[in-house]
Structures are given as C-alpha cells and as structure tokens.
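This report concerns only the one structure given below.
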Amino acid sequence: MANQLEPAMWSGMLAIIKRDIVIAFRQRGDMVNPLFFFIMVIALFPLGMGPEPGTLQKIAPGVIWIAALLSTLLSVDSLFRQDFDDGALELTLMSPQPLFVLAFGKVLAHWLVTALPLICVAPVLGVMMFMDVNTIKVTLYSLLLGTPVLSMISAIGAALTVGLHKGGVLVAVIALPLYIPVLIFGTSAVEAAAMGHPFAGQLAYLAAFLILAFTFAPFAIATGLRISVNG
Amino acid sequence: MTAPLLQVEQLECERDDRVLIKNLSFELYNGEILQVEGANGSGKTTLLRVLCGLSDEFQGELTWCGRPRRRVEADFRRQTLYCGHLTGIKMALSPRENLRWILQVKGVSAADAPAQPSLDQALHDVGLGGFEDVPVYTLSAGQKRRVALARLLVEPARLWVLDEPFTAIDRHGVAELEGLIQGHAAKGGSVLITSHHALELNGLRSLQLGLGRGAWQIN
Amino acid sequence: MFQALKRLYHKLGSPKYFYEMTGKMLPWLIAATVLLLVPGLIYGLAFAPPERYQGDSYRIIYIHVPAASIAMGGYIMMAVAGVVVLVWRMKMAEMVARCLAPIGASFTFICLVTGSIWGKPTWGTWWVWDARLTSMLVLLFLYIGVMALNSAINNAQSAARATAVLSIVGAVNLPIIKYSVNWWNTLHQPASIKMTSSAIDPEMLFTLLSCIGGFYCLFAVLLINSTRCEVLQREQRSNWVKKTVGAV
C-alpha cells in the first residue's frame, strides 16, 4: 500500500497539470485574455502620461510589474471556479492524495498557461517603453521569479472565495496587500539594472519569496479549498 | 458477525439554524444497499457529504472498518467512490480523458485494478461506444451522466456513495444502473444511494429523513 | 495540574462562562481605562513640556504610538485566534477574531490620521510615504481584506475559518512586508519621522506609558463589549441567553 502511494502522489499532480493545460488550450479565452489585458494596460500608460522616452523609461519597471500583477489577479478567477461549478473540485477533494500537492499542481498549471505568455511578451513591451536590452533581461528574470509567487498568493485568495459568487474584486482586496513585497523587490531589481547598479540581491530576495511561497502557500490553499467546499 | 464497513454514531447535522438530523446511528455492512429517502431539503445530500468527508459540520462519530474515520481518511477515500449532483466531468475533455484524469487523481494505477475493464470497454458498456473521443459538451444530458456512471465500472471501490444517480437517465439506463448496483453488492461492496426513484433491488434498506426536527427511521 | 488546565480550557471555550466572567470584569476595566487615559491624555496634550525640536506638534505621539502598537498587536491577536479556530475549533475564538478586525482597523486608521496630523507642521504636507506610515497603510489594507472576507461569507463558522486562514497568512507576511517597505523607503528616501529625541524626558515617558496603558485598556473594553454582543447573537437560541435578555 505504502509503496504504491509514492508514485501515485506525483501522478495525481501531473494528471491535474496535464488536464488543466489541455482544457486551457481548448478554451483559449482564459489563456489569452490576461495576455491582452497585460498588453493593453501597458499601452495605456504612454497614452495617459505622454510618449516622451524619458518619462516612459523611468516608469517602465513599475508599469510592467503592476500590469503583470493586475493580469495575475484578473486571471485567478478561472483557477478554481470552473472546478467548483462542475464538481471536479469535490472529486479532487475526495482523492486520497494529499490535497496540498494537487493544489500546487493546479496553480503551477495555471501559471504555465496565464503567466508564461506574459513573460514571453514582456520584452516587446519593454522595447515599447524604451528599456535597453540588459534591463529587459533583468525584467524577465524578475518576472520569472516573481509571478509564481503572485500566482500562489492569488490562489490562496481564490481558494478562500471560490464558493462565493461575488466576483474577483474580493480576491483583489485580499491579495493585493500580500503582493507588496514581491512588487517592491521586483521593480527595484529592474530599476537597479536600468541604472547600472547591482541587482542580484533583489533577485535573491525574489527567489527567497518563491521558496517560501512554494513551501507554505499550498497548505493555505488546501485549507481554503476544504473550507469553501464545506459551506 | 463481521465488522461493519461504515458505522455512524449519534450523528447530528444542522443547516442554517435548522436541525436536519438528530442522533442518527446506523451501520453499513459489506454487501448492503442503503437508500436514503426524504423530501427535498430533508438533509439527504448533507448526510452523504458528511459521510464522505466533504462537510465537517456535524457532531458525532464516524467509523470506517473499525477505526475512527478521521484517522484513516486516505484509506477511506481510496476505497470510496462518490458521485454527487455535480458529476465532476469536465465539459472540454472527452469521456475517455475524463475517466483517465479521475482515475489518475485518485491514484489508481493499472496494478491496482487488474480486473477492471479498460476505459473504452467501460464507455461501450454504458452506451457511449463511438463517443469516446468527442468533447463532453457535445453530448446530451443523459449521455453526460453516463460518463460519470462509467466510473462505477473502472474505479475500484468498496463503498459507492451515489447522490441522485438516476437523474436524466432513461428507463433502459435505470435498469442497467440497478443491475450494476446489485452486482456490486453481490461482490461484497456497499452502496449508499439517494434517489427519488422507487428502486427495485434485493436486500434494500431504507433510511428515512425529514420526519420533523431531525427525526429519522431506518428499516 | 493537567486536569485544572483542561477545565480552564473548557471554561474559556464556553460562551456562557465568558459572558458571565466579563460581566464582572468590565466595570473594573472601564475604571482602569478612565484612570489611565484621562489624566495621561490631558497632561500629554495640554500640560507636558514642549519638545526641544518639534515644539508642540510632537504631542500627537501620545495618541499615535499607542494606536500603532494596538494596530499591530491586534492583527497578531487575530492571527493567534485564527490558529485556535483552525486547530481547536473553539467557538469563542471565532467570535473574538471576528470582533477584533473592525477594532484593529479603527486603531490603524487613527494611527494613520494622527501620523498625518503630525506630518503637516513637520514636513508641510498632509502625507508622506515614509516606511512607518506606509507599513500602517498596508496593515490597514490587510485588515480591510479580513473584514471583506468575513462579511462575504454567510455561514458564521465557514467565515471564521476562512478569515483565520487569511489572518495567519497576513501575520506571517507582516514582517516580510515591514522589511520590504523599510527597504523600499531607504531606496527612495523621502523625509522620515523622528519619533522622539534621543533621550526621552522622564515626564514624557510616564505620560506616554500612561497613555499606552490607557489605550490598551480601552482596546480591551471595546473588544470585550463587542465580543459580548457577538456571543449573545450567536448563542441566541440557547436558554441562558434567552434568560439574560429577558425574552423567556
């Protein structure tokens, strides 16, 4: 019995990742809308603040990070809502596999499908905001390290509110204060790179947040899911 | 007298400040079929969810194979098949893909279930032959239900907990499902079922809920 | 010894015992609040000697510092209550946690407003993004998140457990947030508040301690009062509540 549990635990997580990616590709809206949102929000800033390269270069790190943050927030509604509505969440809860592993898999799949496209598109938007190549590279690193943390935090909010049909603003109110450390160090890394200063420390902090989030968030997510399905 | 599979002692459930079930005690043995009856809102679904562990808003003791259920959750879940109102079938996937993810999430490998038919065979047996690869959202309501019922054929489980499984099933399907339930009980499995249908099964016990202020009756 | 602890645990968890015990405690607490707060505030706001560099504007610390302390402490208390709710399923802890949120949020708000009032004569603007005030602002957002989640869930027990998870996550994040905001502040270097001069005058210290003690007693009074109302509401179907309220 115990020997059969080990491979099965990972197979459960992999099954969920595979399933969610397949569903995302078949229902492309959930995948593509956050990406369009990301692009459009960034495009709003030159329109709202004037297209001078000086201004845009200065605000670019913050703008790209905040746009990524808001896109993550927008997309999190699709994380558990559909599973809750069609009963797949209950089936997942009825699994003998540890729920925090399965929840981790779900968030990972969600990140692959919603945040990874953002990261791929970010260089183009960086060029539009007059960032140089080195800065764009550091932006990519910081987004790569930071967006999984944002996904984990939003997943906690989503897990706590999935049973309520109140819309995403509640998740935003819950999650936004918790995003702040990631935002601070993410933008700081990019700004430091833009000015030619060292940025490795900031990236190290982001990596530390990543490890913390991966270690603890799945438990909070699992607890939140059980509470939501309970009521 | 062998040990009961599932034992319920002094179960009390409340919902929205209303007492649904008071002091419920019963035992479910291997090979037994128990039908939970009652009007709408009498607490049938709540009871099933409590027994499955999806809801913990209850007082009382639940015992699985002689041990408190909360200590053997993984073992309980491994041997239980729950099919609720919401079937858990993903609309964007095909019936075969659905069965596959459900089995994999449960951790069922081929080694666990050598006697189970293959996924395609099971889908054929529930009348979905030829529909194994189409997305479920293209199927009718009854066919969607049958995908969920195919689980009964492929998922190894001792206890079946079925909440209104006959919804949207035609008369032919009802007879088939009753046959499945009877066969499962004959092989030593147990079934906990709620249904508005009058079931024609041998050895059927009935638990009546909703008799007023948490009262219940079993025979 | 162990038996006594067990009995105490069960007693503390009983809403009825809590109600009766706090009913006796409350008059003493209110007296303590008045005794500590009124002289402290009056002396601090009106009679204490003016500070060397800031003149009279520093007086707001007699309200600002206690409020800040209670704001932070309140959130930690809420998180601890959350742990009790999740691990021991104690109903009393659910009610205390629920009542803590608005009170803690109010003190955070007071802290922000008094900080802003202090800032006007000191820096010339009503607001400055220094580390302390920004951390308090984020704390206010955390409180608002908890209150929003609490009011969004109808079932009292589910709401208590969900907000418990959220307060624990928030409490774990609090040091991270504080550190990040401090760090962010050093990067961008706006004006910062100097709390007090390096050597604090004993007169000011005593007044400050009196105010801190008084505000904590006030916090306790508000919390206990609020929790008593919550107890009456949640236990409204039980006999002892009906008798107390005189409904029977």
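The values are calculated or read from the model by the stated rules, or taken from the named source; none is laboratory data. Being a predicted model, the structure only gives us computed values, none of them experimental. No Cβ is skipped: glycine too gets one built from the backbone with ideal geometry, and neighbour counts run over all protein chains shown.
Quick notes
- Checked against the criterion of being more than 10 Å from chain A (Cβ to nearest Cβ), out of contact with any Cys (no Cβ under 9 Å at 6 or more places or on another chain), crowded, with 19+ Cβ neighbours inside 10 Å and farther than 30 Å from A:VAL229 by Cβ, the range C:94-105 contains one or more residues that satisfy it.
- Subset of the range B:46-56 that is out of contact with any Asp or Glu (no Cβ under 6 Å at 6 or more places or on another chain) and either surrounded by 22 or more Cβ atoms within 10 Å (Cβ to Cβ) or in contact (Cβ under 8 Å) with a residue 60 or more places away in the chain (or both) - its residue that is nearest to B:THR80 (Cα to Cα): B:CYS52
- One residue from B:HIS184, B:HIS196 being modelled with pLDDT of 90 or more and under 18 Å from B:PHE166 (Cα atoms): B:HIS184
- From B:ALA157, B:ALA148, B:ALA122, B:ALA92, residue being within 12 Å of chain A (Cβ to nearest Cβ), farther than 30 Å from A:SER78 by Cβ and among the aliphatic types (A, V, I, L, M): B:ALA157
- Listed by position, the strands (runs of 3 or more DSSP E) contained in the range B:28-87 that have at least 1 residues being facing chain A (nearest Cβ under 9 Å) are B:80-83.
- Across the range A:161-189, the qualifying residues are those that are assigned to a helix (DSSP H, G or I) and more than 21 Å from A:PHE209 (Cα to Cα), and the one among them that is farthest from the other protein chains (Cβ to nearest Cβ) is A:VAL169.
- Residue count, the range A:91-142 (criterion: farther than 25 Å from A:ILE21 by Cβ and among the basic types (Lys, Arg)): 1
- Residues in the range A:193-205 that are surrounded by fewer than 22 Cβ atoms within 10 Å (Cβ to Cβ) and either under 12 Å from A:ILE136 (Cα atoms) or β-branched (Val, Ile, Thr) (or both): 1 in all.
- Filtered residues of the range A:95-125 (kept if within 14 Å of chain B (Cβ to nearest Cβ) and either assigned to a helix (DSSP H, G or I) or of a type in the set (Gly, Ala, Ser) (or both)): A:SER95, A:LEU99, A:PHE100, A:VAL101, A:LEU102, A:ALA103, A:PHE104, A:GLY105, A:LYS106, A:ALA109, A:VAL113
- Test: residue in the range C:158-166 that is over 14 Å from C:MET78 (Cα atoms) and either more than 9 Å from chain A (Cβ to nearest Cβ) or of a type in the set (Val, Ile, Thr) (or both): no
- Selected residue (criterion: nearest to the other protein chains (Cβ to nearest Cβ)) from residues of the range A:75-94 that are over 21 Å from B:TYR137 (Cα atoms), at pLDDT 90 or above and outside any loop (DSSP other than H, G, I, E, B): A:LEU93
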